[in-house]
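Quick note: the coordinates plus some simple rules give every number you see, no bench work behind them. Only a predicted model underlies this, so the values are computations on that prediction, with no experimental measurement involved. Neighbour counts run over all protein chains shown; Cβ positions are idealised from the backbone, glycine included.
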Amino acid sequence: MQPTILLSDRDVHALLPMHECIDVMRGALRSVADGTAVLPLRTVIRLPRSPNAFATMPAVLDDDHPVLGAKIITVFPGNDSTPYDSHIGVVLLFDSAHGSLLAIADASSITAIRTSAVSGLATSLLARDDAAELAILGAGVLAMPHLEAVRCVRPIRRVRVWSRSGTRAAAFAERARRETGLEVVACANVEQAVGKADIICTVTASRTPVLEGRWLSPGVHVNAVGASLASSRELDSAAVAAARLFVDRRESALAEAGDYLIPLGEGTIGAQHILGELGELVTGSVTGRTGRDEITLFKSLGLAVEDVAALRHIHGKARKSGAGTQVSLGGLRS
């Protein structure tokens with residue numbers, strides 16, 4: 001029986017570089033499209049008298065290397081202005097032969113990397129090949145990994161960032177310039193940030209729209225990431241209506257994507273506005289961008305299969321390298 005490997009946030013960052021994670025997410029979302037993943041909707045318990053939540057996200061990958069697992073997290077949106085991450089918890093990985101617990105890993109780091117990697121994958125599938133101007137709305141924990149992910153797939157030359165906290169936007173711009181050597185500018189308002197953008201990533205904690213359709217340039221690609229409730233959205237209805245819309249999973253979008261559900265309820269868009277899932281773009285069963293001036297939109301909610309696939313990849317590397325801490329948690333009868 002293999003010992004369980006405990007993997008810290010440092011272990012996760014060392015074992016899950018962005019370019020590898022984008023490939024892992026490609027495989028994970030292909031499994032959703034081809035039916036080799038079991039993926040129930042997440043269970044979310046809203047805490048009384050607060051915006052905070054406790055969530056469980058299970059998944060089974062039944063492909064060439066079958067595993068099962070789950071992410072168990074707390075979601076505290078108010079942590080955005082504190083030293084704590086907004087998503088805190090663990091990802092668990094079990095083998096499919098005997099159900100033994102293979103790994104326990106930090107969920108905050110896996111979530112940030114895999115969420116950004118999925119946006120990178122969407123960008124590779126939907127953005128124009130020569131897209132070079134990136135706008136990031138939000139300067140929190142997802143901003144830097146999104147910059148890294150998009151740079152993995154497109155020749156980014158300039159970056160503009162906006163945040164409700166101008167101080168945070170300025171700090172992000174300074175750090176990004178130092179780490180990437182790119183031209184990175186903190187903008188005073190959203191319109192200034194997105195006006196010349198080829199790619200926009202919305203990674204805010206806002207529950208109401210920050211991005212308006214009238215600001216979108218022809219041919220722009222948008223990754224809408226921050227909102228994950230049926231009652232919350234980062235894009236206004238005009239932005240969604242103007243775009244060819246793709247999601248990580250239809251079932252999740254129909255239950256949780258306020259960016260889609262609110263304009264649907266208004267009658268601004270119809271039920272057929274979702275053109276496909278990201279995994280279907282990977283397999284080629286649906287068509288993405290069909291013209292240079294089309295606006296494309298990927299609505300990300302995050303799927304447990306992404307966390308499980310990421311930890312399977314990390315666990316395999318940890319076994320080879322000796323990373324992490326091995327513990328015995330039982331499960332083997334004497």
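Condition check for ILE88 on (1) in contact with a strand residue (DSSP E or B) (Cβ under 8 Å, 6 or more places away or on another chain); (2) assigned to a loop (DSSP other than H, G, I, E, B); (3) surrounded by fewer than 19 Cβ atoms within 10 Å (Cβ to Cβ): one failure, at (2). Checking ASP34, ASP11, ASP85, ASP64 one by one, the residue that is of a type in the set (Asp, Glu), under 18 Å from the mean Cα position of the chain (by Cα) and under 28 Å from LEU278 (Cβ atoms) is ASP85 and no other. Considering only the stretch 231-251, I want to know if a residue exists there that is under 25 Å from ALA28 (Cβ atoms) and part of a helix (DSSP H, G or I). For the stretch 231-251, residues under 25 Å from ALA28 (Cβ atoms) and part of a helix (DSSP H, G or I): present.
Scanning the stretch 312-333 for residues that are within 30 Å of ARG233 (Cα to Cα) and either of a type outside the set (Lys, Arg) or in contact with a Ser or Thr (Cβ under 8 Å, 6 or more places away or on another chain) (or both) turns up nothing. Just one of (1) touching a residue at least 60 places away in the same chain (Cβ under 8 Å); (2) surrounded by fewer than 24 Cβ atoms within 10 Å (Cβ to Cβ) fails for ALA135. It is (2).
For every residue, the table says whether it meets (1) touching a Lys or Arg at 6+ places or on another chain (Cβ under 8 Å); (2) free of Cβ contacts under 8 Å to residues at least 24 places away in the same chain; (3) within 21 Å of ILE73 (Cα to Cα).
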| residue | (1), (2), (3) |
| --- | --- |
| ARG250 | no, no, no |
| GLY267 | no, yes, no |
| GLY279 | yes, no, no |
| SER285 | no, no, no |
| SER300 | no, no, yes |
| ARG312 | no, no, yes |
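Within the stretch 76-109, no residue satisfies the criterion of being over 21 Å from ASP11 (Cα atoms), in contact (Cβ under 8 Å) with a residue 60 or more places away in the chain and of a type in the set (Val, Ile, Thr). From the list ARG164, ARG175, the lone residue that is assigned to a helix (DSSP H, G or I) and either surrounded by fewer than 15 Cβ atoms within 10 Å (Cβ to Cβ) or out of contact with any Lys or Arg (no Cβ under 8 Å at 6 or more places or on another chain) (or both) is ARG175.
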